[in-house]
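Peer 1: This is the structure I have questions about; it appears just below.
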Amino acid sequence: MKYDTKDFKLLKNEEIAKGIFDWTVENSELCKLAKAGQFVNIKVPSRTLRRPISICDACENTLRLVFQVKGEGTKLMSQMPVGSYVEILAPLGNGFKLEKGKRYCFVGGGIGVPPLLFSAKQTENPMIITGFRNKDLIILQDDFKKVSDEVYLTTDDGSAGIHGFVTDVLKEHLGEVDEVCACGPIPMLKAVAEVCKGEVNCQVSLEERMGCGIGACLVCACKTKTSEGEAMTQVCRTGPVYNAEEVFYDA
């Protein structure tokens with residue numbers, strides 16, 4: 001896997017929902033290497049550990065990164081001025097395996113929604129299902145509608161879209177797709193995997209705490225099934241995307 005660390009120029013820093021920020025960063029060398037489902041590791045001033053952020057979108061010279069403020073590190077990121085330079089290790093991880101000729105359904109929950117945008121752009125006629133706790137946390141709907149004619153929005157409290165969960169919609173339309181790609185919290189991924197089991201193949205992108213992002217530490221190790229049996233694998237290096245049946249969701 002090819003990756004490097006370079007300075008990226010911050011071109012955009014905008015709050016697009018409560019506590020959720022939308023970055024555009026520029027680097028002509030590394031942006032062109034990004035693939036669907038990969039992530040980056042961002043150096044935050046005065047902090048030892050980098051912050052892993054999924055790649056929301058990518059083009060020849062820029063990356064789009066959407067993140068939620070959850071602690072001091074991401075709070076500092078949200079305050080960085082446009083025009084400043086950020087040291088980023090990119091691109092990292094193994095993303096979604098997407099095949100031509102297949103129709104994919106992309107299922108996202110909360111801050112697991114952003115990496116599905118770039119992934120959906122790599123496929124033909126994708127179906128998009130996104131879920132949020134409430135209307136204040138909804139992001140990227142207009143972006144998805146530019147990619148797909150079939151975009152479903154759910155909220156836990158019914159304040160926008162369909163009142164319910166992403167799995168409610170997935171059950172209704174599972175027969176219309178060849179494969180499912182999902183990213184979000186573990187309970188959601190477990191539920192999506194159960195819906196897909198025995199019906200269609202499902203890939204899941206895990207959200208784990210990370211230290212180095214390149215496999216040098218064991219912070220992101222999780223229990224998975226391998227060809228040799230059960231094993232602890234590093235999400236940053238083996239994943240973040242796994243086949244749904246490889247993951248122990250309750251481990």
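The values are calculated or read from the model by the stated rules, or taken from the named source; none is laboratory data. This structure is a prediction, so every number in the text was calculated from the model and none was measured. All Cβ positions, even for glycine, are placed from backbone atoms using ideal geometry, and neighbour counts span all protein chains on display.
Peer 1: Name the single residue that is farthest from K9 (Cα to Cα) among those in region 90-127 being aliphatic (A, V, I, L, M) and crowded, with 24+ Cβ neighbours inside 10 Å.
Peer 2: Per the stated criteria, the residue is V107.
Peer 1: Which condition breaks for L153 when tested against (1) over 20 Å from A244 (Cβ atoms); (2) in contact with a helix residue (DSSP H, G or I) (Cβ under 7 Å, 6 or more places away or on another chain); (3) in a helix (DSSP H, G or I)?
Peer 2: Evaluating L153 over (1) over 20 Å from A244 (Cβ atoms); (2) in contact with a helix residue (DSSP H, G or I) (Cβ under 7 Å, 6 or more places away or on another chain); (3) in a helix (DSSP H, G or I) leaves (3) as the failure.
Peer 1: In this structure, does P52 turn out to be of a type outside the set (S, T, Y) and buried (at least 23 other Cβ atoms within 10 Å of the Cβ)?
Peer 2: When the stated conditions are applied, P52 passes them.
Peer 1: Looking for something modelled with pLDDT of 95 or more, exposed (fewer than 15 other Cβ atoms within 10 Å of the Cβ) and assigned to a strand (DSSP E or B) - is there at least one such residue anywhere in region 34-45?
Peer 2: No - not one qualifying residue is present in region 34-45.
Peer 1: Run A90 past the list (1) of a type outside the set (S, T, Y); (2) in a loop (DSSP other than H, G, I, E, B); (3) touching a residue at least 40 places away in the same chain (Cβ under 8 Å) and report the number of the one that doesn't hold.
Peer 2: Just one mismatch for A90, condition (2).
Peer 1: Every residue in region 94-129 that is in a loop (DSSP other than H, G, I, E, B), among the β-branched types (V, I, T) and within 25 Å of Q234 (Cβ to Cβ), please.
Peer 2: Residues of region 94-129 in a loop (DSSP other than H, G, I, E, B): 95-103, 113-114, 121-126.
Among the residues that remain, those that are also among the β-branched types (V, I, T) are: 113, 123.
Passing the criteria: only V113.
Peer 1: When only residues in region 215-250 that are under 17 Å from the mean Cα position of the chain (by Cα) and not in a strand (DSSP E or B) count, which is modelled with the highest pLDDT?
Peer 2: Going through the qualifying residues, I end up with A244.
Peer 1: Go through A191, A160, A182 for me and flag whichever is among the aliphatic types (A, V, I, L, M), in a strand (DSSP E or B) and at pLDDT 95 or above.
Peer 2: When all the criteria are applied, what remains is A182.
Peer 1: Is there a residue being closer than 22 Å to A216 by Cα and of a type in the set (V, I, T) anywhere in region 13-27?
Peer 2: Taking every residue of region 13-27 in turn, none turns out to be closer than 22 Å to A216 by Cα and of a type in the set (V, I, T).
Peer 1: Does region 169-177 contain any residue that is modelled with pLDDT of 95 or more, surrounded by 15 or more Cβ atoms within 10 Å (Cβ to Cβ) and in contact with a Ser or Thr (Cβ under 7 Å, 6 or more places away or on another chain)?
Peer 2: yes
Peer 1: Please work out if V204 is crowded, with 18+ Cβ neighbours inside 10 Å, of a type in the set (A, V, I, L, M, F, W, C) and part of a strand (DSSP E or B).
Peer 2: Spelling it out, V204 is indeed crowded, with 18+ Cβ neighbours inside 10 Å, of a type in the set (A, V, I, L, M, F, W, C) and part of a strand (DSSP E or B).
Peer 1: Can you name every residue in region 128-138 that is of a type in the set (A, V, I, L, M) and surrounded by fewer than 24 Cβ atoms within 10 Å (Cβ to Cβ)? Give the steps one after another, and end with the answer.
Peer 2: Step one: list which residues in region 128-138 are of a type in the set (A, V, I, L, M), which gives 128-129, 137-138.
Selection gives L137, I138.
Peer 1: Among the residues of region 84-131, which ones are aromatic (F, W, Y) and either within 20 Å of R50 (Cα to Cα) or over 15 Å from the mean Cα position of the chain (by Cα) (or both)?
Peer 2: Y85, Y104
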